[in-house]
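Colleague: Dumping the structure here so I can ask a few things about it.
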């Protein structure tokens, strides 16, 4: 096809942009700089995020680059796992509605494209752009999907294909009064506040609860009010941390919605977490963070700066059970790859950030 562009690489006459990113919290946070770049490059265009139901609830009324969320129906490899096909009639209805939207540009930042590129092409946008792995259908404009790459820069590279240049390289999410009000109803405005998040979707990324407990005691001894966050599947982890600590800590498992969690994390002097959605949300709403990372995940999900964000890194490559090098092969075991990160390392980073951030946090809240 012929692309009608301006001299800067911007497309002409772009009034409506679809962006496909229908996955989890951390995945959404990583794409925020790319969305900001799109908004700056196409200030008059409507940006429509094609996403999950939680995006619609979380982003309603929240200032930012997204104008509207459209919830996509389950489709294999997009909202449900490969091998689980969606409802063909529901998908046909959805794509007919999307054709009526008359998108000028559709951007795919939902993986390598084996499933998401055919989805994007069915939107019938005037121009398509996105990621492409070797097994994926081509879009009009595409960048190669190579697994080990910073997610933030991966998506910035995609939007650069349509002339969008970065306006920031770190995710930022606006916190609303609704977020803060919910958080205050559960946790008073005491400061300094420190949140621990011991969960992660992948158990291989989970630091042991007893180590979180030792860290929590050290932070409480330094004068911090400690809260422990988690979802219902993480209840046992949260209870193990709170129950093992000698000092008092508040169990917040299932006490806050995602909006309330954003409000809470924005008030924290420090957040210490496994590599997880709440860790990346904390950084985006302005908290200082200590993230516990496996070295491979650090490449994709690690913070870019170090003044307010300190990664604690496990360099383990072999499965702790069977010894398979998981950078080259896989195994069935899901034992922690980050258990060897020491309490001392995490505590030193957290206390250093607490000393540097707690005074300003107290003044601001």
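The values are calculated or read from the model by the stated rules, or taken from the named source; none is laboratory data. Note that the structure is a prediction, hence the values are computed from the model and not measured. Note that each Cβ is placed from the backbone with ideal geometry, even for glycine, and that neighbours are counted across all protein chains shown.
Colleague: Find the residue count for the stretch 50-74, including only residues that are in contact with a helix residue (DSSP H, G or I) (Cβ under 6 Å, 6 or more places away or on another chain) and outside any loop (DSSP other than H, G, I, E, B).
Modeller: The qualifying residues number 3.
Colleague: If we scan the stretch 317-325, do we find a residue that is on the phi < 0 side of the Ramachandran plot, assigned by TED's automatic domain parsing to the domain that holds residue 206 and part of a helix (DSSP H, G or I)?
Modeller: Looking for residues that are on the phi < 0 side of the Ramachandran plot, assigned by TED's automatic domain parsing to the domain that holds residue 206 and part of a helix (DSSP H, G or I), one finds none in the stretch 317-325, hence no.
Colleague: Does any residue of the stretch 71-92 turn out to be modelled with pLDDT of 95 or more and closer than 27 Å to residue 169 by Cβ?
Modeller: no
Colleague: For the stretch 305-352, give me the residue count where each residue is buried (at least 19 other Cβ atoms within 10 Å of the Cβ), closer than 22 Å to residue 210 by Cβ and touching a strand residue (DSSP E or B) at 6+ places or on another chain (Cβ under 6 Å).
Modeller: Total satisfying the criteria: 10.
Colleague: Which one is surrounded by the fewest Cβ atoms within 10 Å (Cβ to Cβ) among residues in the stretch 278-303 that are out of contact with any strand residue (DSSP E or B) (no Cβ under 6 Å at 6 or more places or on another chain) and over 26 Å from residue 325 (Cα atoms)?
Modeller: In this case the residue turns out to be 286.
Colleague: Quick check, is residue 265 touching a strand residue (DSSP E or B) at 6+ places or on another chain (Cβ under 7 Å) and in a helix (DSSP H, G or I)?
Modeller: On the way: touching a strand residue (DSSP E or B) at 6+ places or on another chain (Cβ under 7 Å): yes; in a helix (DSSP H, G or I): yes.
So residue 265 passes the test.
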